[in-house]
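The values are calculated or read from the model by the stated rules, or taken from the named source; none is laboratory data. Remember, predicted model here, so these are calculated numbers, not experimental data. Every residue, glycine as well, gets a Cβ built from its backbone with ideal geometry; the counts of neighbours run over all protein chains shown. In case anyone asks, the SASA skips ligands and DNA or RNA and just uses the protein heavy atoms, side chains included. Shrake-Rupley method; radii C 1.70, N 1.55, O 1.52, S 1.80 Å.
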Amino acid sequence: MNRMFLILQGFFVACLAMLSSGAQAATTSAASGLSFSLHDWQLVCDNTRTCRVAGYSNDGEPNPVTVLLTRNAGPGQKVTGELMLGDYGSDSSATKLPAVLKLSMRVNGRAVGQIVIETKSTMIAALSVAQVNALLAALPRASTIEWVAGDNIWQLSDKGAAAALLKMDEFQGRIGTTSALIRKGPRGDEGVLPPLPAPVVVAVAPAKPLPGDAEFVKKHGKALRAALLPSVNSEGNCPKLTEPEEGAQEELTVYRLSASKLLVSMPCWLAAYNFGAGFWVINSAPPFRPVLVTDSGSDYSDGSISASHKGRGLGDCWSSETWTWDGKDFIHTESSTTGMCKLIAAGGAWSLPTLVTAPRRSGP
């Protein structure tokens, strides 16, 4: 087991621990919004200042559940809510539910309307305005929040909710205003931070292969590998390039981007339940001058590099990223996770982006 494998394993374990434990964690970036988690609640805001707060049931609950609260930035924006019942694995209690499930919502023992879910097609339902308001009133303090159907009870944890909602108010500039959820004040919300537009990225279709592209690696493979090494050593991790197994070399794959640019890729690392491939933009003739896009890619198609990784082997939480070719460079156009690792659903519960853009195809 080489050193890079151990580093990558440690990275994913640390990410999982951050999301699943009660330890507070917050990261922020001017370009990529904000991520914050505490106990059973998390806040994720994207670069347009739209914020999503997700709460979950306690670990070990027989009927797992999650709620997503969403609020856009700017004056007059209300919070909307969705409910999702857990349905993970063939032994999930959800497999025994009726086709039409009628849930009674209760907050501290008080009934707050009914929710209907057609379980054969979805485990998600929208919360009414009254139900969202009841949640927002209860979450800042110790509360019992349940959805009940017969003997089945889905209970939402309140641990960490107040901190997540406060962080959302702070990120959107609402603290001290009438629209704040936690620290209300006398000021109107006319001065809260406005929404930001999603950056527009013009996606350019890559060129078709040219004669000789099929033989490019065979002709230039040795020189190309040598050219890639400096970029990896300075800004990336690609042990399958820097520390190849004795007698083995990973295959290089080349794609045509334009008349003068190519995209080259190769497997870089392999962990217990994830892998990463390196992608470089190079000149189509020496000197190649490679520019590393990512060392953790998963796939490439039609001018788009994607990366998708499990938060743990069970596959109930994922992260994803996308880079889009604009004719000159690959632009980072998407970054998101599916939320905490809580056995809600295979593939994760929600889409919680920190980076969103508005890609547009070039041409008519």
All but one of (1) exposed (fewer than 15 other Cβ atoms within 10 Å of the Cβ); (2) farther than 30 Å from residue 330 by Cβ hold for residue 209; which doesn't?
-> (2)
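Quickly run through the stretch 315-364 and pick out the residues that are of a type in the set (S, T, N, Q) and crowded, with 17+ Cβ neighbours inside 10 Å. Write out each step before concluding.
Let us first name the residues in the stretch 315-364 that are of a type in the set (S, T, N, Q), namely 319-320, 322, 324, 333, 335-338, 351, 354, 357, 362.
Listed by number, the residues that qualify are 319, 320, 322, 324, 333, 335, 336, 337, 338, 354, 357.
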Going through the stretch 146-186 one residue at a time, which ones are open to solvent by 20 Å² or more (accessible area, probe 1.4 Å), farther than 27 Å from residue 73 by Cα and not β-branched (Val, Ile, Thr)?
-> 146, 150, 151, 152, 155
Would you mind stating whether residue 197 is farther than 30 Å from residue 79 by Cα, open to solvent by 70 Å² or more (accessible area, probe 1.4 Å), at pLDDT 95 or above and part of a loop (DSSP other than H, G, I, E, B)?
-> no
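Would you say residue 138 is open to solvent by less than 20 Å² (accessible area, probe 1.4 Å) and either under 24 Å from the mean Cα position of the chain (by Cα) or over 17 Å from residue 105 (Cα atoms) (or both)?
Numbers: open to solvent by less than 20 Å² (accessible area, probe 1.4 Å): yes; either under 24 Å from the mean Cα position of the chain (by Cα) or over 17 Å from residue 105 (Cα atoms) (or both): no.
Against the criterion (open to solvent by less than 20 Å² (accessible area, probe 1.4 Å) and either under 24 Å from the mean Cα position of the chain (by Cα) or over 17 Å from residue 105 (Cα atoms) (or both)), residue 138 does not qualify.
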List pairs: first in the stretch 324-339 and closer than 22 Å to residue 206 by Cα and of a type in the set (Lys, Arg), second modelled with pLDDT of 95 or more and crowded, with 22+ Cβ neighbours inside 10 Å, Cβ under 9 Å, 6+ apart or cross-chain?
-> none
Check residue 319 against each of (1) among the small types (Gly, Ala, Ser); (2) in contact with a His (Cβ under 6 Å, 6 or more places away or on another chain); (3) modelled with pLDDT under 95 and name the one condition it does not meet.
-> (3)
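Suppose the filter is modelled with pLDDT under 95 and surrounded by 21 or more Cβ atoms within 10 Å (Cβ to Cβ); does residue 86 pass it?
Details: modelled with pLDDT under 95: yes; surrounded by 21 or more Cβ atoms within 10 Å (Cβ to Cβ): yes.
Yes: the conditions hold for residue 86.
Results for (1) small (Gly, Ala, Ser); (2) at pLDDT below 95; (3) under 14 Å from residue 301 (Cα atoms), shown as yes or no for each residue.
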{"site": "237", "(1), (2), (3)": "no, yes, no"}
{"site": "245", "(1), (2), (3)": "no, yes, no"}
{"site": "252", "(1), (2), (3)": "no, no, no"}
{"site": "257", "(1), (2), (3)": "no, no, yes"}
{"site": "261", "(1), (2), (3)": "no, no, no"}
{"site": "267", "(1), (2), (3)": "no, no, no"}
{"site": "272", "(1), (2), (3)": "yes, yes, no"}
{"site": "276", "(1), (2), (3)": "yes, no, no"}
{"site": "284", "(1), (2), (3)": "yes, no, no"}
Identify, by number, the condition in (1) open to solvent by less than 60 Å² (accessible area, probe 1.4 Å); (2) without any contact (Cβ under 8 Å) to a residue 12 or more places away in the chain that residue 96 doesn't meet.
-> (1)
State whether the residues of the stretch 123-134 include one that is at pLDDT below 95 and of a type in the set (Gly, Ala, Ser).
-> no
Given the conditions (1) β-branched (Val, Ile, Thr); (2) over 30 Å from residue 69 (Cβ atoms); (3) touching a Gly at 6+ places or on another chain (Cβ under 8 Å), and given that residue 217 satisfies all but one, which numbered condition is not satisfied?
-> (3)
Condition broken by residue 143, with the remaining ones in (1) open to solvent by less than 30 Å² (accessible area, probe 1.4 Å); (2) out of contact with any Gly (no Cβ under 9 Å at 6 or more places or on another chain); (3) outside any loop (DSSP other than H, G, I, E, B) satisfied | (3)
Taking only the stretch 251-279 into account, find how many residues are within 15 Å of residue 223 (Cβ to Cβ) and in contact with a helix residue (DSSP H, G or I) (Cβ under 6 Å, 6 or more places away or on another chain).
-> 2
